[in-house]
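A quick write-up on the structure given underneath.
The values are calculated or read from the model by the stated rules, or taken from the named source; none is laboratory data. Being a predicted model, the structure only gives us computed values, none of them experimental. Here Cβ is always computed from backbone atoms with ideal geometry, including for glycine, and neighbour counts include all displayed protein chains.
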Ligand code: TXA
Ligand code: MG
């Protein structure tokens, strides 16, 4: 944790953060997934500040974060009442997902209530909502007593921050940005996003820690992949999920994936013998033994072969490696399996967008 960050769990600090939000300011907040850059979701000027700070195109919608009030006498949380100012047509399936997974790393997309600002939804008629599980985020939201818009606290297209120090580094020029320090994020990648706005089928928009099979097992709700729904998502060209751009979550250093045992193939793209290459290897494997490969200098970095642990360290590793001045970063292709879909998705986009900005292929 960075020295000048706000101390954990101080109610005076939470109070100051609430005042900042009420005054239309921005506050960086910890979530269990990644850090977010928060603003009052009902204040159009505050929302505009998020887009300016992130350099994010204005048609990329934001997620509204909510928390249930702390009521000891009410065992059952009335999510319908909390959602009422934001969402329409909250179905039985939606409630099953909410009761099972909120607070937690699951974002749901609903048809929006007419009072929801267009600035927030990028002009779309839907709204994305989630209830974060981090205690500091919950404490702040309860005191604020409203919805907070919070995208990941990074510049558009870059690696999401998983510590308060990362946020400060992303927004170095923004003097006075209040950063609530909640330590390192547990989950480490952004929430799973499921679109419930069509009314019948639940569709996965962004894979994350909560997978379709876990949802099926715990709620009986079937989540479809976009490809399983004919013509869906193609009917409009608005970017529903900014993470759906081919290039996203990207380090400045070129990043490539290697297939099992194929490090040399990946290296052949960088034949310069002066290259300095960082190679991530599974902790379950012994050293790859790169004797005789063309990179003059390389270093192996061990990464976890457990998908949950891998996700929690992915952005940390990418950020750290990016700052170490390597010419190339190599990661192993994640194994097949739904529990790896979230990190595979992030790594593939990170590869596509990596490298100095002049060589980015930010498309679609
Ligand atoms: O874990 C998370 O979800 C983090 C933390 C801070 O809560 N937030 C986050 O926000 O990842 P952001 O803005 O970086 O990504 C949210 C994604 C965007 O890609 C956006 O396009 C999508 O959610 N989204 C927002 N509103 C939507 C909508 N109405 N329909 C479809 N996608 C939407
Ligand atoms: Mg983001």
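Per the listing 176, 199, 183, the residue uniquely closer than 18 Å to residue 21 by Cβ, in a loop (DSSP other than H, G, I, E, B) and either away from ligand 1 (no atom under 12 Å from the Cβ) or under 16 Å from the mean Cα position of the chain (by Cα) (or both) is 176.
Residue-wise test of (1) surrounded by 22 or more Cβ atoms within 10 Å (Cβ to Cβ); (2) closer than 30 Å to residue 15 by Cβ; (3) over 17 Å from the mean Cα position of the chain (by Cα).
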| position | (1), (2), (3) |
| --- | --- |
| 87 | yes, yes, yes |
| 93 | no, no, yes |
| 98 | yes, yes, yes |
| 109 | yes, no, no |
| 114 | no, no, yes |
| 119 | no, yes, yes |
| 143 | no, yes, yes |
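For (1) surrounded by 22 or more Cβ atoms within 10 Å (Cβ to Cβ); (2) under 27 Å from residue 218 (Cβ atoms), each residue gets a yes or a no:
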position	(1), (2)
55	no, no
63	yes, yes
77	no, yes
82	no, yes
90	no, yes
103	yes, yes
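Can you work out which of the residues in region 302-320 that are assigned to a helix (DSSP H, G or I) and free of Cβ contacts under 8 Å to residues at least 12 places away in the same chain is farthest from residue 285 (Cα to Cα)? My answer is 320.
Inside region 319-333, residues that are surrounded by 18 or more Cβ atoms within 10 Å (Cβ to Cβ) and more than 18 Å from residue 267 (Cα to Cα) make up a count of 1.
Looking at region 62-74, can you tell me whether even one residue there is within 16 Å of ligand 2 (Cβ to nearest atom), closer than 22 Å to residue 157 by Cβ, at pLDDT 95 or above and part of a loop (DSSP other than H, G, I, E, B)? Looking through region 62-74, at least one residue is within 16 Å of ligand 2 (Cβ to nearest atom), closer than 22 Å to residue 157 by Cβ, at pLDDT 95 or above and part of a loop (DSSP other than H, G, I, E, B). For region 65-75, the set of residues classified as in contact with a helix residue (DSSP H, G or I) (Cβ under 9 Å, 6 or more places away or on another chain) and either loosely packed, with under 14 Cβ neighbours inside 10 Å or over 16 Å from residue 113 (Cα atoms) (or both) consists of 67, 68, 69, 70, listed by residue number.
Just one of the listed residues (49, 54, 71) is more than 12 Å from ligand 1 (Cβ to nearest atom) and within 29 Å of residue 173 (Cα to Cα), and it is 49. Scanning region 223-233 for residues that are touching a strand residue (DSSP E or B) at 6+ places or on another chain (Cβ under 7 Å) and surrounded by fewer than 19 Cβ atoms within 10 Å (Cβ to Cβ) returns 224, 225, 226, 229, 232.
Residue by residue, here is whether (1) closer than 22 Å to residue 312 by Cα; (2) outside any loop (DSSP other than H, G, I, E, B); (3) modelled with pLDDT under 90 holds:
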| residue | (1), (2), (3) |
| --- | --- |
| 209 | yes, no, no |
| 218 | no, yes, no |
| 234 | no, no, yes |
| 238 | no, no, yes |
| 247 | yes, no, yes |
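Checking the structure you have, find out if any residue of region 133-147 is at positive phi and in contact with a strand residue (DSSP E or B) (Cβ under 7 Å, 6 or more places away or on another chain). Taking every residue of region 133-147 in turn, none turns out to be at positive phi and in contact with a strand residue (DSSP E or B) (Cβ under 7 Å, 6 or more places away or on another chain). In region 168-189, the residues that are free of Cβ contacts under 8 Å to residues at least 40 places away in the same chain reach residues that are surrounded by fewer than 20 Cβ atoms within 10 Å (Cβ to Cβ) with C-beta atoms within less than 7 angstrom, at least six apart or across chains, in these pairs: 170/155.
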